[in-house]
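*Asks:* I'd like to ask some things about the structure below.
A short reminder: the numbers here are calculations on the coordinates, not readings from a lab. Fair warning: this is a prediction, and the values are worked out from it, not measured in the lab. Reconstructed Cβ throughout: ideal geometry from the backbone, glycine too, with neighbour counts over all protein chains shown.
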Amino acid sequence: MLVVMRHDATEQDIESVVATIREMGYEARPMPGKQRTAIGLVGNDGKVNADRIEAQSGVLEIIHVSQPYKQVSREWRDEATVVTLDNGTQIGAGEVSVMAGPCSVEGEAQIIGIAHRLRDHGATILRGGAFKPRTSPYSFQGMGEAGLKLLARAREETGLAIVTEAIDSESLDLVAQYADIVQIGARNMQNFSLLRRAGRAGKPVLLKRGMAATVKDLLLSAEYILAEGNPNVILCERGVRSFDTHTRNLLDLTAIPVVKSLSHLPIIADPSHGTGLRAKVIPMARAAVAAGADGLMIEVHPDPERAMSDGAQSLYPDQFGELMEQIAVIATAIGTRMVPPVAAGQGAGAAG
Ligand code: PEP
Ligand code: MN
């Protein structure tokens, strides 16, 4: 439930509504807005009797949020959530941001080398898994903390922000120490204890859609993170399982406008995992930008044939450069633009 205060409501009016909500046994979340303050009521499992609150001074209206997800819904907050990173990148502010990098961090030369190339092409966020959720226990599982250290070094040198995955509570605590964005992967989208922990980790969270999850499931999973007090959640459409075997997954681009209408959270698309095939990544990346995605996640490897994971879907660096040029044109055509590149001079190894 949401209590919308009149624009002339006083501090005292707001405090008194907060106190009433607490007295009723619920949690109150005041949300000051440009026009007026709203106070969210959380902790209820059904409809709340709002009579006591409605009668209070300064209250304009009570909105009963009709969706099962509350804080992520547009009813709760109409204004888009913007996630701002230390390097200045904003996700959700109406510009297209690009997270790119190899599936896995494999070594120093690989990650530092590719970071420079991606930055030169206009990416502002570097991806790379240090903890890999692999389908087979015999596949490469990632470099662990050593990989996180290399990502931090790449950030120092280039000024790129870092997004990397946490696969369990142990890796989450480590990832939160190093990363700018903590990634929760498709396989963990409904790992509710991990989501709660991510909500308390103090870093923005990239939440990927599970491969058999509905949009509603995705939004309810995001609600777990917001319910812990972390509003900085970025959703990611990365494809769902289908009956067709021509691609690894079915990239559901409809999810982008659907999420936009239901939620204020930013949503990006990952056409790399969404298709599983290098030749299909570029057309689907273009389509995702055209569909209104707030950004893209793209796997790029300096030598895809030798990649330790997901080589078949990884772009060559030059292909990534071409893609960046193309999506800049598409962004302009739909009235948006690319996130500005990382400022020259940012990062210890930056030229100038
Ligand atoms: C990844 O981004 O490397 C990854 C494993 O993605 P997903 O969770 O979408 O499969
Ligand atoms: Mn991958």
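*Asks:* What is the distance in Å between the Cα centres of the stretch 1-71 and the stretch 169-236?
*Replies:* 27
*Asks:* By a straight-distance test (C-alpha under 25 Å), which lysines pair with K47 as possible cross-link partners, with residues fewer than eight away in the same chain excluded?
*Replies:* Answer for K47, where 25 Å is the Cα cut-off: K70, K216, listed by chain and number.
*Asks:* Based solely on its DSSP helices, what 222 nm [θ] is calculated for the chain when runs of n ≥ 4 H residues each add -39,500 (n - 2.57) and the sum is averaged over all residues, nearest 500 deg cm²/dmol?
*Replies:* Details: 11 runs with 118 residues, N = 352.
My calculation for the chain gives -10000 deg cm²/dmol from helical runs alone.
*Asks:* Nearest 5 percent is fine: what portion of the DSSP beta bridges confined to the stretch 83-338 is antiparallel?
*Replies:* Numbers: 3 of 32 bridges.
So the antiparallel bridges in the stretch 83-338 amount to around 10 percent.
*Asks:* Next question, about the same structure. Suppose every K and R has +1 on its Cβ and every D and E has -1 on its Cβ; what is the size of the dipole of the stretch 50-185 about the Cα centre, in Debye to the nearest 20? Let's see the in-between values first.
*Replies:* Details: 12 positive and 19 negative charges, 78 e Å.
Dipole magnitude for the stretch 50-185 comes out near 380 debye.
*Asks:* Put +1 on the Cβ of each Lys and Arg and -1 on the Cβ of each Asp and Glu in the chain; which of I282, G159, T135 then has its Cα farthest toward the positive end of the dipole?
*Replies:* It is T135.
*Asks:* Divide the volume of the convex hull of the Cα atoms of the stretch 60-205 by its number of residues and quote the answer in cubic angstrom per residue. Numbers along the way, then the final one.
*Replies:* Values: hull volume 19.3 nm³, N = 146.
Convex hull volume per residue, Cα atoms: 132 Å³.
*Asks:* Which order, highest average first, do 181-193, 310-322 follow once you tally other Cβ atoms within 10 Å for each residue and take the mean per peptide?
*Replies:* Details: 181-193: 20.5, 310-322: 18.7.
Highest to lowest by the protection proxy: 181-193, 310-322.
*Asks:* Sequence gap at least 6, Cα distance under 8 Å: using those rules, report the relative contact order of the chain to the nearest whole percent. Walk me through the numbers before you get to the answer.
*Replies:* Working: 769 pairs, mean separation 59.9, N = 352.
Dividing the mean separation by the residue count of the chain yields 17 percent.
*Asks:* Relative to the Cα centre, what is the charge dipole magnitude of the chain, using +1 at the beta carbon of each Lys and Arg, -1 at the beta carbon of each Asp and Glu, and rounding to the nearest 20 debye?
*Replies:* Working: 35 positive and 41 negative charges, 104 e Å.
Result for the chain is approximately 500 debye, rounded to the nearest 20.
*Asks:* Could you tell me which residue out of H246, A123, L194 lies farthest along the dipole of the chain toward its positive end? Charges go on the beta carbon: Lys and Arg +1, Asp and Glu -1, centred on the Cα centre.
*Replies:* Farthest along the dipole direction, towards plus: H246.
*Asks:* Related question: Ranked highest first by the average count of other Cβ atoms within 10 Å around their residues, in what order do 40-46, 209-215 fall? If you can, show how the numbers build up before the last one.
*Replies:* On the way: 40-46: 13.9, 209-215: 17.7.
With the highest mean Cβ count within 10 Å placed first, the list reads 209-215, 40-46.
*Asks:* Compactness ratio of the stretch 83-338: Cα Rg over 2.2 N^0.38 Å, N = residue count? Kindly include the intermediate steps, with their values, before the conclusion.
*Replies:* Details: Rg = 16.3 Å, N = 256, 2.2 N^0.38 = 18.1 Å.
Ratio of Cα Rg to 2.2 N^0.38 Å: 0.90.
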